[in-house]
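K.L.:
Sharing a structure with you now.
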Amino acid sequence: MDSGKEAAANVGASARAGMEKTRAAVQGQVDKAAAYTTGPKEAAEVNKEAAKVKMQQRVHAAEEEKQRAMRENAAAKEHGSGAGKEENRHDGHRPESGHDGE
């Protein structure tokens, strides 16, 4: 894998992580708002905290996935194991079978 392909794959991994982090933040806000619509105040506080923890876990998982993909992309570049093998790409795209580039 040359440096241009590695950079493109890293951009893809970073974009995916950013989208996952945004989804986690939005879902966290929805869960937090929902915590206040039902039940007593004490339960709402517990639900709010649970929503916050869940959001932080999703953000952390997205960041770890991005870092893993970047490490694999760097290793593929260094060892040449990904050169010409599109199925090893970590930019979120897989080659379509039977696709001849037209």
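The values are calculated or read from the model by the stated rules, or taken from the named source; none is laboratory data. The shown structure was predicted, so the numbers you read here are calculated from the model rather than taken from an experiment. Cβ coordinates were reconstructed from backbone atoms using ideal geometry, including for glycine residues, and neighbour counts include every protein chain displayed. Each accessible area value is taken on the protein alone, full model and side chains, heavy atoms only, with ligands, DNA and RNA left out. Shrake-Rupley method; radii C 1.70, N 1.55, O 1.52, S 1.80 Å.
K.L.:
Can you pull out the residues in the stretch 50-59 that are surrounded by 12 or more Cβ atoms within 10 Å (Cβ to Cβ) and either more than 23 Å from the chain's Cα centre (by Cα) or hydrophobic (A, V, I, L, M, F, W, C) (or both)?
P.N.:
Our first condition is that a residue be surrounded by 12 or more Cβ atoms within 10 Å (Cβ to Cβ); within the stretch 50-59, this holds for 50-52, 54-56, 58-59.
Result: 50, 51, 55, 59.
K.L.:
Pull up the stretch 13-39, narrow it to residues that are at pLDDT below 90 and of a type outside the set (A, V, I, L, M), then point me to the one that is farthest from residue 72 (Cα to Cα).
P.N.:
This residue is 39.
K.L.:
Quick one: how many residues across the stretch 1-30 are in contact (Cβ under 8 Å) with a residue 24 or more places away in the chain and more than 23 Å from residue 64 (Cα to Cα)?
P.N.:
The qualifying residues number 1.
K.L.:
Another question, then. For the stretch 1-45, name all the residues that are of a type in the set (D, E, K, R) and open to solvent by 50 Å² or more (accessible area, probe 1.4 Å).
P.N.:
Of the stretch 1-45, the ones of a type in the set (D, E, K, R) are 2, 5-6, 16, 20-21, 23, 31-32, 41-42, 45.
Of everything in the stretch 1-45, those that are of a type in the set (D, E, K, R) and open to solvent by 50 Å² or more (accessible area, probe 1.4 Å) turn out to be 2, 5, 16, 20, 21, 23, 32, 41, 42, 45.
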